[in-house]
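K.L.:
Can you read through this structure? Questions will come right after.
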Amino acid sequence: MRHEIQAPEGATVGDMRQLLDARELSSVELTEAYLERITALDERVRSFVTVTRDIALEHAADADRRMASGETGPLLGVPMALKDLLSTAGIATTCGSRILQGYHPPYDATVYARLRDAGAVLLGKLNMDEFAMGSSTENSALAITANPWDLATVPGGSSGGSAAAVAAGEAAFTLGSDTGGSVRQPASLCGVVGLKPTYGRVSRFGLIAFASSLDQIGPLTRTVEDSALVLSVIAGQDPLDSTSATVEVPDYHALLGEDLRGLRVGVPAEYFVEGTEPGVEAAVREGIAQLERLGAELVDVSLPSTGYALSTYYIIAPAEVSSNLSRYDGVKYGYRSADGADLIETYLSTRDQGFGAEVKRRIMVGTYALSSGYYDAYYLKAQKVRTLIKAEFDAAFERCDVIASPTSPSVAFKIGSRTADPLAMYLSDVFTIPASMAGIPAISVPCGFSDGLPVGMQLIGRAFDEATILRAAHAYERSTEWHMRRPELVWSAGG
Amino acid sequence: MDAQYEPVIGLEVHAQLLTRSKMFCRCGTTYAGAAANTHICSVCAGFPGVLPVINEHAVELAIRVGLALNCDIAETSRFDRKHYPYPDLPKGYQVSQYDLPLASRGYVTVGNGDDCQQIGIVRVHMEEDTGRLLHRTAADGTVYSLVDLNRSGVPLLEIVSEPEIHSAARAREYVMKLRQILRYIGASSGNMEEGALRCDANVSVRPVGEQTLGAKVEIKNLNSFRMIDRAIQHEIGRQSQALANGGRIEQETRGWDEAAGITLAQRTKEYASDYRYFPEPDLPPLTVSEDRRKAVLGRLAELPDARRARFISQYGVTADDASVLTTARETADYFEAVLTHLGERVPARLAASWVTGELFRLLNRDSLPITETRVTPELLAELVGMVHTGEVNRGSGRMVLEEFYETGGSPRAIATERGLMQISDTDTLTPVVRTVLDNHERAVAEFRGGKQQVIGFLLGQVMKQTRGTADSGTVRTLLLRELSEEPTKGPVPH
């Protein structure tokens, strides 16, 4: 197994910290190495929609100055990249959509501001499914991102660019957003660690909204330790986000450990059902067995409403989409069709030409669900089911501390294989959606391979108890070597 | 029209709240006269990714209004999104309150005495204002529109009345009363010309005696009291006439054409928007604890009706003066400040008449608000005190007031300088009286001939000689004394 650090850009955030603090390498050198790597690899992977070369070098020089003046911090001088729905002042932010063509936000998302304060270096913006709607990144209006493990397969989505960039070693870490699994599922498919924090844990200010009551920003990293480091920087109450929680942010990194004695791991029968690829199920079951070997106690739990989560999600999320996306009308920013003779025609042709098929499908479903006369039957009922799903998790967490399941029912699938069948695509998120609906944290950690492609294990935790899932995932990761494997592509690109 | 139809009117009043910043961002609200789009930010311009943060002062003012309108304040209310596409609405939805408004079930009292009526308030809810469109025509004739978002996100209250109003005059009276209350508690400027107070009226008519309501017509954007009066009046007539002619009233939205003096159809119910309300996921529910409600109640200013009643009972001012003095809070505050400076020795009634009479005459002449006059309560109190003690008479007092109204300065100094201090001294006045009698022998003769009323003429002459400063009582006594002391100069009266 090849896991020694061959090139700095293949290292973890923790490794880079050591190199930077020991002055073996400057942030500018590190950043240049990443930029070279992006140049070498990204024609094939296509994680990036924008590479901010000049800004990156500026940030790196700034970080070097800060380090020279004695400052340090986990992310100071570390190169990273952001999903292209996180607002970056003056830098194109497309949300993977034609409708935001030419749009440069006038302000920074809170997470970006926090990363900048911590001294992280912005390499660029990452590809995604349009408005984060999709599970393969094929819905991007800008590019098709490939999975670094097999360029003919998808990286998952919607944060496909964020996952592929980390897997390909194009960034030390990235941020994605997760509404129904958009961080965890691509992390699983690309063999990296993906964390969806508790709803309210990380400020959404500056995150271009998909479904406001579900969206949450999370890190994609090579290791659980890195995930804890990044979360500590981006988490916490934000006066600009009224839904961000005032719950105190612990030092997630300090709480990591390798002993799982006393930890109760719930195994829900509803997550081990027909439809999951046998190779995936086998890897996840082996992962759960490993948790037991580390001292955890396995508990059978039941989450009976799991089967309703997906359909409920496809009422609530589109309803919010239909509302959130009504601002894109061609009047203020982004794309405007020249075909309209009057206001209504301009609206219609702008939105017709500016949005892709999946986005339009969800706007229509959501508009219908909120329409007078249908609201009670759809939206209101879906909210009731959501309450039920939450209650079932609460009940399960009285018997266990962490719930383990597959992250995705399948490994990465071929590009184009599911685009004609939206329902098959929606099933990619069947195991990630329930935790989203309940607003609770969940992490995907690499747990093996099936057909040569990575498999992820999902660990779900109690609200605001990221520390426990990080601890379990970290202990697991330290006792296995899955996270050290790298795609061939990465080695072939050299370092 | 004729008395066979009874109008039923309900009003929806939108009031801009008097906050320094907008409802969900920190942009300022003093954009009047500013260039377009100079009071905007990413939040009120609805840029992608922004989130609302509620203005706590707007909530405070809204609770105040709810309490002043005798409403129940909801412990938990909620914001909802109201969707409709229009370029003045940058997010494509307006954040409003739908099924859980902040305040509900209140009332407002209008009219006096037998004509007094309590008009029910259905609900009071908070929402954000929209931007504005400016329609232009280019040199080549192309019509285009510009969007100004300065107003976008300004906090509004919507106050919905029960359909309990039965005349245009009462509707107008109701809105005036609302405005008075809003101004009293500092919740809104209530300025209709600036759009800080806007009114939509729901008007229907039904045959007298009928219990069910007729089809409702909504008249939008009644932006002055005159418009409220005229538009509702016209609409009642139009509907009554239509029914009398055997027609039917369509439920629809109409607008008021000020020039033509008629209401015009805008859209019928068939085309009514489906606003697709749903709870605003970016804002947590709004909770108002019992403690907070009580705290706001404690801070609430005395309302106009209560103040008027107190002025009558505590100060003994006339009902009419009390009404005038309490119309605006600033006037009532002014009046009470005058009383503070006057102290107990001078009757409040006298001060009231100086405020509502002499001072108001000048202020009205110059359209000057009472808060901007040079006549401070302290100075007016000084003058009223001088009138009360007889140092100046009322007429001289008026001249003194006019002078310090224009230039400022102390009333006493002006009265002294201008020689307007009242003369009650008999040694000073006796020679003047004698001179007048000497110069008007005919009048004196008439008086002695029994024509008692000539005394008035003679008194006037003395006042003229003293430029109005003589104390008329003293002059009258002196005149009578002089006239009776010199009987030899004319025929004996008896």
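Nothing in this text is a laboratory measurement; each read-out follows from the coordinates by a stated rule. Note that the structure is predicted; figures quoted are calculated from it, not measured. Glycine also receives a Cβ, built like all others from the backbone with ideal geometry; neighbour counts cover every protein chain displayed.
K.L.:
Can you list the HN-Hα couplings for region B:212-217, worked out from phi with the Karplus curve (6.51, -1.76, 1.60; θ = phi - 60°), rounded to whole Hz and with x for Gly and Pro?
P.N.:
Once θ is set to phi - 60°, the couplings for region B:212-217 become 6, 7, x, 4, 9, 10 Hz.
K.L.:
Which net charge results when you count Lys and Arg as +1 and Asp and Glu as -1 among the other residues whose beta-carbon is under 14 Å from that of residue A:443? Mind dumping the intermediate values first?
P.N.:
Numbers: positive: A:184, A:196, A:201, A:222, A:462, A:471; negative: A:178, A:225, A:226, A:401, A:465, A:466, A:477.
Counting the neighbours of residue A:443, the net charge comes to -1.
K.L.:
Something else now. On a C-alpha basis, how far is the centre of region B:338-359 from the centre of region B:20-44 in Å? Whole number, if you could?
P.N.:
Between the Cα centres of region B:338-359 and region B:20-44 lies a distance of 43 Å.
K.L.:
Roughly how far apart, in whole Å, are the Cα centres of region A:45-112 and region A:428-495?
P.N.:
Here the two parts' Cα centres lie 25 Å apart.
K.L.:
As a footprinting exposure proxy, order B:89, A:470 by other Cβ within 10 Å, with the fewest listed first.
P.N.:
Details: B:89 22, A:470 28.
Placing the least packed residue first, the sequence is B:89, A:470.
K.L.:
Shifting gears a bit: Which lysines does residue A:381 reach when only Cα atoms under 22 Å apart count, and residues fewer than 8 places away in its own chain are ignored?
P.N.:
Partners found: A:390, B:82.
K.L.:
Tally Lys/Arg at +1 and Asp/Glu at -1 over every other residue whose Cβ is under 13 Å from the Cβ of residue A:181; what's the total?
P.N.:
On the way: positive: A:184, A:196; negative: A:129, A:178, A:215, A:429.
Surrounding charge for residue A:181 is -2.
K.L.:
Pairs of Cα atoms under 8 Å, at least six residues apart: use those to get the relative contact order of chain A, whole percent. Don't skip to the end; give the middle numbers.
P.N.:
Values: 1221 pairs, mean separation 90.7, N = 495.
The normalised contact order for chain A reaches 18 percent.
K.L.:
Taking H as built 1.01 Å from N, whose amide H comes closer than 5 Å to the amide H of residue A:439, not counting residues under 5 places away?
P.N.:
Long-range HN contacts for residue A:439: none found.
K.L.:
Give me the number: length gained by fully extending residue A:381 to residue A:68, i.e. 0.36 nm times residue separation minus the C-alpha to C-alpha distance, one decimal in nm. Walk me through the intermediate numbers first.
P.N.:
Values: separation 313, 0.36 × 313 = 112.68 nm, distance 5.81 nm.
Full extension from residue A:381 to residue A:68 adds 106.9 nm.
K.L.:
How do B:25, B:44 rank when sorted from fewest to most other Cβ atoms within 10 Å of their own Cβ? Numbers along the way, then the final one.
P.N.:
On the way: B:25 21, B:44 28.
By the 10 Å Cβ count, ascending: B:25, B:44.
K.L.:
With axes computed from alpha carbons, what is the tilt in degrees of helix B:56-68 against the longest principal axis of chain B, rounded to the nearest 10 within 0 to 90?
P.N.:
Rounded to the nearest ten degrees, it is 70.
K.L.:
Return one quarter of the surface area of the convex hull spanned by the alpha-carbon atoms of the protein assembly as shown, equal to its mean projected area, in nm².
P.N.:
Working: hull surface 227.1 nm².
So the Cα hull casts an average projection of 56.8 nm².
K.L.:
Residues with amide H under 5 Å of residue A:50's amide H, sequence separation 5 or more or different chain, H placed in the peptide plane at 1.01 Å from N; which?
P.N.:
Sorted by chain and number, the residues that satisfy this are A:125.
K.L.:
Below 8 Å between Cα atoms, with a sequence gap of 6+, how large is the relative contact order for region B:5-292 in percent?
P.N.:
Reported relative contact order: 25 percent.
K.L.:
Sticking with this one: With each run of n ≥ 4 DSSP H residues scored as -39500 (n - 2.57), what mean residue ellipticity at 222 nm is computed for chain B after dividing by its residue count and rounding to the nearest 500 deg cm²/dmol? Kindly include the intermediate steps, with their values, before the conclusion.
P.N.:
Working: 16 runs with 189 residues, N = 494.
Calculated at 222 nm, the ellipticity per residue is -12000 deg cm²/dmol.
K.L.:
Give, in nm to one decimal, the length gained when the segment between residue B:86 and residue B:251 is fully stretched (0.36 nm per residue of separation minus the Cα-Cα distance). Don't skip to the end; give the middle numbers.
P.N.:
Working: separation 165, 0.36 × 165 = 59.40 nm, distance 2.33 nm.
Result for the pair: 57.1 nm of gain on full extension.
K.L.:
So, one more: From the backbone phi of region A:49-66, what are the Karplus-calculated ³J(HN,Hα) couplings (6.51 cos²θ - 1.76 cosθ + 1.60, θ = phi - 60°) in whole Hz, Gly and Pro given as x?
P.N.:
Values per residue, Gly and Pro as x: 9, 9, 10, 9, 3, 5, 5, 4, 5, 5, 4, 5, 4, 4, 4, 4, 5, 5 Hz.
K.L.:
Based on alpha-carbon atoms only, what is the radius of gyration of region A:370-488 relative to the globular estimate 2.2 N^0.38 Å? Working shown, then result.
P.N.:
Working: Rg = 17.4 Å, N = 119, 2.2 N^0.38 = 13.5 Å.
Taking the Cα Rg and dividing by 2.2 N^0.38 Å, one obtains 1.29.
K.L.:
Out of A:365, A:203, A:246, whose Cα points farthest toward the positive end of the dipole of chain A (charges: +1 Lys, Arg; -1 Asp, Glu; placed on Cβ)?
P.N.:
A:365
K.L.:
With 25 Å as the limit, write out which pairs from A:83/B:22; A:196/B:22; A:83/A:414 have Cα-Cα distances beyond it, or answer none. Mind showing how you got there, number by number?
P.N.:
Values: A:83/B:22 31 Å; A:196/B:22 33 Å; A:83/A:414 22 Å.
Too far apart for the 25 Å limit: A:83/B:22; A:196/B:22.
K.L.:
What are the semi-axes of the equivalent ellipsoid of region A:257-300, taken as the square roots of 5 times the eigenvalues of the Cα gyration tensor, listed largest first and rounded to whole Å?
P.N.:
Values: eigenvalues 98, 29, 7 Å².
Three semi-axes, in Å: 22, 12, 6.
K.L.:
Convex hull over the Cα atoms of region B:5-292, averaged projected area in nm²?
P.N.:
On the way: hull surface 70.1 nm².
With every direction weighted equally, the projected area is 17.5 nm².
K.L.:
Mind listing the Cα extents of chain B along all three principal axes, in Å, largest one first?
P.N.:
For chain B, the Cα spread along each principal axis is 101, 59, 55 Å.
K.L.:
Show the residues, 5+ positions off or on another chain, whose built amide H is closer than 5 Å to the amide H of residue A:298.
P.N.:
The list, which skips near neighbours in sequence, is A:265.
K.L.:
How long are the three semi-axes of the equivalent ellipsoid for region B:28-102, computed from the Cα gyration tensor as the root of 5 times each eigenvalue, in whole Å, largest first? Don't jump to the answer; show the numbers that get you there.
P.N.:
On the way: eigenvalues 137, 60, 26 Å².
Calculated on Cα positions only, the semi-axes equal 26, 17, 11 Å.
K.L.:
Using a basic spin-label model with each label point 7 Å from the Cα along Cα→Cβ, how many nm lie between residue A:344 and residue A:417?
P.N.:
The answer from the label model is 4.6 nm.
K.L.:
May I ask you to work out the translational diffusion coefficient for region A:293-390 at 37 °C, viscosity 0.692 mPa s, via Stokes-Einstein with Rh from the Kirkwood sum over Cα pairs, reported in whole µm²/s? Could the numbers behind the result be given before it?
P.N.:
Values: Rh = 16.0 Å.
In µm²/s, the coefficient is 205.
K.L.:
In Å, what Kirkwood hydrodynamic radius results for chain A from the alpha-carbon pair distances?
P.N.:
Roughly 22.2 Å, rounded to one decimal.
K.L.:
Summing +1 for each Lys or Arg and -1 for each Asp or Glu, what net charge is found among the other residues whose Cβ lies under 12 Å from the Cβ of residue B:191? Before the final figure, lay out each step's value.
P.N.:
Working: positive: B:179, B:183, B:198; negative: B:193, B:194.
Overall, the nearby charge balance is +1.
K.L.:
Considering only DSSP beta bridges where both residues belong to chain B, give the percentage that are antiparallel (nearest 5). Could the numbers behind the result be given before it?
P.N.:
Numbers: 58 of 63 bridges.
Beta bridges within chain B, antiparallel portion: roughly 90 percent.
K.L.:
Just how large is the dipole of the protein assembly as shown about the Cα centre, in debye to the nearest 20, putting +1 at every Lys and Arg Cβ and -1 at every Asp and Glu Cβ?
P.N.:
2020
K.L.:
Take the eigenvalues of the Cα gyration tensor for region B:302-417, scale each by 5, and report the square roots as semi-axes in whole Å, largest first.
P.N.:
On the way: eigenvalues 105, 52, 24 Å².
Working through the eigenvalues yields semi-axes of 23, 16, 11 Å.
K.L.:
Per residue of region A:483-490, what does 6.51 cos²θ - 1.76 cosθ + 1.60 with θ = phi - 60° give for ³J(HN,Hα)? Whole Hz please, x for Gly and Pro, Karplus curve as stated.
P.N.:
Per-residue couplings from phi come out as 5, 8, 5, 10, x, 3, 3, 5 Hz.
K.L.:
Continuing with the same structure: Tell me, how many Å apart are the Cα centres for region A:147-221 and for region B:272-309?
P.N.:
Using only Cα atoms, the two centres lie 41 Å from each other.
K.L.:
Counting C-alpha atoms alone, how compact is region B:426-483: give Rg to one decimal and Dmax as a whole number, in angstrom.
P.N.:
10.2, 30
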